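What follows is a single structure, written as structure tokens, with notes after it.
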Amino acid sequence: MSKEEVVLLDFWVSPFCNRAKIALAEKGVAHEDREEDLFGGKSELLLKSNPIYQKVPVLLHNGKPVCESTNIVSYIDETWPSPALLPPCPYGRASARFWADFIDKKVFDAGSKIWKSKGEEVEVAKRDFIEILKQLEGALGEKDYFGGDSFGFVDIIAVPLTSWFHACEKFGGFEFEDHCPKFSAWMKRCMERESVSKILPDPEKVYEFVIMLRKMRGIE
Amino acid sequence: MSGTDLKLLGTKESLFTYRIVWALKLKGIEYEFVEEDLFNKSPLLLESNPIYKKVPVLIHGGKPISESLVILDYIDETWKNNPILSTDPQERAYARFWAKFVDEKFYEASIKAFFLTGEDQAKGVESIAEALQFLEGEIAGKKKFFFGGEAIGFLDIVVGWIAHWFQFVEEVGGFKVMDSMKYPAFDSWTKNFLEVPVIKENLPPHEELRRVFQGFQQMGLAAVGAKE
């Protein structure tokens with residue numbers, strides 16, 4: 001049996017890295033997480049493996065790099081097929097990819113706008129953010145997970161972003177559960193999974209990290 | 001191949017719509033093309049793509065699929081002949097990575113260079129040149145006709161608009177980046193791509209594109225909100 005080498009270039013608070021880690025955990029793939037020092041100096045390996053964006057996460061499978069978190073989750077699903085993260089039928093898969101793309105385009109940026117803004121802009125950012133979560137609630141419908149009965153692709157793309165929501169709530173002065181109870185219930189359901197609860201950082205620690213980021217950007 | 005229950009909502013000059021046209025034609029799939037008026041969107045479009053309200057939308061057996069890259073994946077998984085994506089996960093990841101790069105970096109930079117002026121335009125132009133250099137490196141490194149190898153594939157289809165639409169972005173936008181001396185491998189790729197019969201037979205006429213881009217320029221940045 002050949003030994004597979006799986007390395008993830010990682011950063012503890014990055015929701016994008018956590019997507020990859022949750023996917024690997026769900027598949028039971030043994031791997032090494034290598035923490036990058038994004039503020040001190042990126043490693044040679046990171047710069048060489050992702051020359052275009054120079055960002056984490058990067059998955060190195062037997063030395064070959066795969067970049068961009070949603071791409072990495074797709075790669076993990078295709079390389080280690082069981083348990084499947086995407087549904088078997090093409091329409092279900094298209095729907096999953098559509099919502100994964102929507103989440104990628106909208107959620108993190110909208111949430112970040114809340115803690116990056118000042119004054120009136122915060123209210124606007126908050127409204128936009130809640131509207132996006134409501135659209136996701138529409139996609140969720142009455143299902144337990146985005147894919148249906150089982151935790152899957154879209155859940156993995158979405159759930160790591162939620163560890164940043166507490167920071168958005170503190171700076172925005174709201175609780176998203178009041179506006180999006182279904183989304184909140186889905187989040188709690190996902191947190192019951194070992195892969196998710198063990199990997200996602202404590203929201204309080206994320207909040208402290210965001211405070212530091214704001215200081216760095218001169219937002220006070 | 002059956003397509004009586006297959007509709008493509010699009011416009012005759014939309015670069016994103018053409019990706020879907022090319023994929024369907026490559027696989028010999030029949031479909032009904034529904035021309036949308038983006039200034040007066042049909043109830044069908046608004047109902048089929050309520051999130052973005054944009055073209056293209058593929059409707060198969062009444063079920064809508066939106067976002068061109070998602071639609072391409074769907075087509076490849078539903079009709080298995082003439083595959084556009086490899087079965088190898090590493091090659092698939094490569095194609096998807098570069099597709100996203102083109103749609104984000106190259107396209108966004110093109111919008112900037114087209115609509116803005118002065119220093120802002122110059123920044124856009126610089127970003128395009130940077131992106132083009134990366135693409136040049138990739139196609140030169142492959143030592144094959146196409147990103148997909150000996151035949152066109154997913155990534156060629158996604159990059160394809162640069163072979164035909166981009167010259168009008170430059171002409172009407174008033175800047176020049178494409179240069180066959182600076183990007184010789186990309187230039188060869190462009191020529192080879194445009195010779196592929198399915199592509200050659202399915203391109204909007206030059207005059208049409210020129211007119212459309214002139215219209216966009218007059219509308220300003222609002223034009224981009226109106227189309228994908």
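Just B:Val34, B:Val70, B:Val159 to compare: in a GNM of chain B, with alpha carbon springs under 10 Å, which one fluctuates most?
In the Gaussian network model the winner is B:Val70.
How about region B:99-114: which of its residues lose at least 40 Å² of accessible area in the presence of all protein chains relative to their chain isolated, using a 1.4 Å probe?
Relative to the lone chain, where solvent access is computed with a 1.4 Å probe, region B:99-114 loses at least 40 Å² at B:Lys100.
In square angstrom and rounded to 100, what buried accessible area do you get between chains A and B, total over both, with the probe at 1.4 Å? Numbers along the way, then the final one.
Working: alone 11460 and 11400 Å², together 20530 Å².
Result for this pair: about 2300 Å² buried.
Mind telling me which of A:Asp104, A:Asp33, A:Asp178 comes out most flexible in a GNM of chain A, alpha-carbon contacts under 10 Å?
Ranking A:Asp104, A:Asp33, A:Asp178 by mean-square fluctuation puts A:Asp178 first.
Taking accessible area as the heavy-atom solvent-accessible surface of the protein chains with a 1.4 Å probe, which residues of region B:60-82 lose no less than 50 Å² upon going from the isolated chain to the full protein assembly?
The answer is B:Val70, B:Tyr74, B:Glu77 - residues whose exposure falls by at least 50 Å² when every protein chain is included.
Given the options B:Phe106, B:Phe39, B:Phe115, state which has the largest fluctuation in a GNM of chain B using a 10 Å cut-off (strictly under) for Cα springs.
B:Phe39
Nearest 20 debye, what's the magnitude of the dipole of chain A about its Cα centre given +1 on Lys and Arg Cβ and -1 on Asp and Glu Cβ? Don't skip to the end; give the middle numbers.
On the way: 30 positive and 36 negative charges, 80 e Å.
With only Lys, Arg, Asp and Glu charged at Cβ, the dipole is about 380 debye.
For chain B, what is the calculated [θ] at 222 nm in deg cm²/dmol (nearest 500), taking -39500 (n - 2.57) for each run of four or more DSSP H residues and dividing by its residue count?
-16500 deg cm²/dmol
Give the aspartates and glutamates whose C-alpha is closer than 19 Å to that of A:Lys182, dropping any in the same chain fewer than 8 places away, or say none.
A:Asp128, A:Glu131, A:Glu137, A:Glu142, A:Asp144, A:Asp149, A:Asp155, A:Glu169, A:Glu192
Rolling a 1.4 angstrom probe over the protein chains, ignoring ligands and nucleic acids, what is the accessible area of A:Arg214 in square angstrom, nearest 10?
About 30 Å², rounded to the nearest 10.
What is the percent carbon and sulfur in the accessible area of region B:6-78, measuring with a 1.4 Å probe over the protein chains and ignoring ligands? Present the calculation step by step, with values, prior to reporting the outcome.
Details: 1360 of 2630 Å².
About 52 percent, which is the carbon plus sulfur part of the accessible surface.
If you place +1 on the Cβ of every Lys and Arg and -1 on the Cβ of every Asp and Glu, how big does the dipole about the Cα centre of region A:90-217 come out, in debye to the nearest 20? All intermediate terms of the calculation are to be shown ahead of the outcome.
Working: 21 positive and 22 negative charges, 90 e Å.
That gives region A:90-217 a dipole magnitude of about 440 debye.
Percent of accessible area on region B:89-226 owned by carbon and sulfur, 1.4 Å probe?
Summing carbon and sulfur atoms, their accessible area is 54 percent of the total for region B:89-226.
Ignoring ligands, DNA and RNA, what accessible area per residue does region A:75-220 give at 1.4 Å, in Å²? Working shown, then result.
Values: 6930 Å² over 146 residues.
Here the residues of region A:75-220 average 47 Å² of exposed surface.
Accessible area per residue, 1.4 Å probe, Å², for region B:6-78: what's the number? Write out the running numbers ahead of the final one.
Values: 2630 Å² over 73 residues.
Per-residue value: 36 Å².
Considering only A:Tyr207, A:Ala25, A:Leu47, whose Cα is most displaced toward the positive end of the charge dipole of chain A, charges sitting on Cβ of Lys, Arg (+1) and Asp, Glu (-1)?
My answer, from the dipole projection, is A:Leu47.
At a threshold of 8 angstrom on Cα-Cα distance, excluding pairs fewer than six apart, so keeping six or more, what relative contact order does chain A reach in percent?
Numbers: 268 pairs, mean separation 45.5, N = 220.
Here the relative contact order equals 21 percent.
Could you pull out every one of the aspartates and glutamates with an alpha carbon less than 19 Å from that of B:Lys41, ignoring same-chain neighbours closer than 8 positions?
B:Glu13, B:Glu32, B:Glu67, B:Glu228
The values are calculated or read from the model by the stated rules, or taken from the named source; none is laboratory data. Just so it is clear, the structure is predicted and the values come from calculations on it, not from any experiment. Quick reminder, even Gly has a Cβ in these numbers, built from the backbone with ideal geometry, and neighbours come from all protein chains shown. Protein only, heavy atoms only, side chains kept; ligands, DNA and RNA dropped before computing areas. Shrake-Rupley method; radii C 1.70, N 1.55, O 1.52, S 1.80 Å.
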